[in-house]
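Please read the structure below before turning to the comments.
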Amino acid sequence: QEPDAKPPLVGEGPEPEPEPGTHETLCQLKRDQPSPCLSSAEDSGVDEGQGSPSDMSHSAEFRVDNNHLLLLMIHVFRENEEQLFKMIRMSTGHMEGNLQLLYVLLTDCYVYLLRKGAAEKPYLVEEAVSYNELDYVSVGLDQQTVKLVCTNRRKQFLLDTADVALAEFFLASLKSAMIKGCREPPYPSVLTDATMEKLALAKFVAQESKCEATAVTVRFYGLVHWEDPRDESLGP
């Protein structure tokens with residue numbers, strides 16, 4: 001005699017479909033899809049093979065352990081099934097003399113701009129930008145800054161990298177997060193000409209040097225600062 005069939009486990013069976021048209025639906029559908037083909041990656045300016053963000057690293061990347069991930073899920077994430085992609089140390093206020101640490105958190109749905117908080121709430125969300133809000137990304141002169149520009153032009157966020165390698169790492173990570181996450185093609189353009197910044201610097205140098213702006217050529221532009229080892233404001 002054959003043994004009786006085992007009763008089904010609790011929770012077995014098809015999961016309920018999310019309601020169509022919601023943000024969570026788009027994210028869920030994107031997660032269920034296979035990884036983009038090579039042509040999709042090429043169209044977005046990201047090579048998913050050699051040199052992809054999974055192969056790249058930078059000292060500014062913050063390694064998130066399980067305890068930190070739990071804190072982010074409690075205090076930062078907006079979506080129930082949101083997935084962490086990367087967390088990167090950057091800064092703001094460099095050119096205004098008010099240098100402040102900024103954590104840029106990339107998930108599959110949002111770019112979060114975080115500041116350090118208190119013990120009970122270690123991270124404060126300064127801004128949360130959905131990938132679908134992003135219109136384009138503007139890279140500053142010599143890749144010292146990156147500006148995120150939304151379709152609502154009032155929402156623009158200037159991030160200081162002060163490092164060419166960090167700017168490249170951030171841009172590659174951002175594009176890869178959008179490909180794997182909730183953003184559908186076409187992806188935001190990345191502008192790298194920095195025309196207005198070049199003109200402004202040339203005009204400033206011309207005024208200081210008493211010469212014509214057309215005679216000025218900017219060979220190098222970099223953001224630098226003195227760092228006090230006793231100052232913990234820029235620590236992890």
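The values are calculated or read from the model by the stated rules, or taken from the named source; none is laboratory data. All values derive from a computational prediction rather than experimental measurement. Because the Cβ atoms are built from the backbone with ideal geometry, glycine has one as well, and the counts that use them run over all protein chains shown.
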Report summary line: Exactly one of Leu174, Leu166, Leu159 is in a strand (DSSP E or B), assigned by TED's automatic domain parsing to the domain that holds Met56 and surrounded by 15 or more Cβ atoms within 10 Å (Cβ to Cβ), and that residue is Leu159
Query raised in the report: Tell me, which residue of the range 177-201 that is farther than 28 Å from Ala213 by Cβ and over 15 Å from the mean Cα position of the chain (by Cα) is surrounded by the most Cβ atoms within 10 Å (Cβ to Cβ)?
Result: Glu184
Query raised in the report: Among the residues of the range 127-184, which ones are without any contact (Cβ under 8 Å) to a residue 24 or more places away in the chain and not hydrophobic (A, V, I, L, M, F, W, C)?
Result: Glu133, Lys147, Thr151, Asn152, Arg153, Arg154, Gln156
Requested in this report: Identify all residues within the range 140-156 that are touching a Ser or Thr at 6+ places or on another chain (Cβ under 8 Å) and assigned to a helix (DSSP H, G or I); write none if there are none.
Outcome: Gln143
Report task. Please tell me if Asp142 is in contact with a helix residue (DSSP H, G or I) (Cβ under 9 Å, 6 or more places away or on another chain), on the phi > 0 side of the Ramachandran plot and not hydroxyl-bearing (Ser, Thr, Tyr). Result -> yes
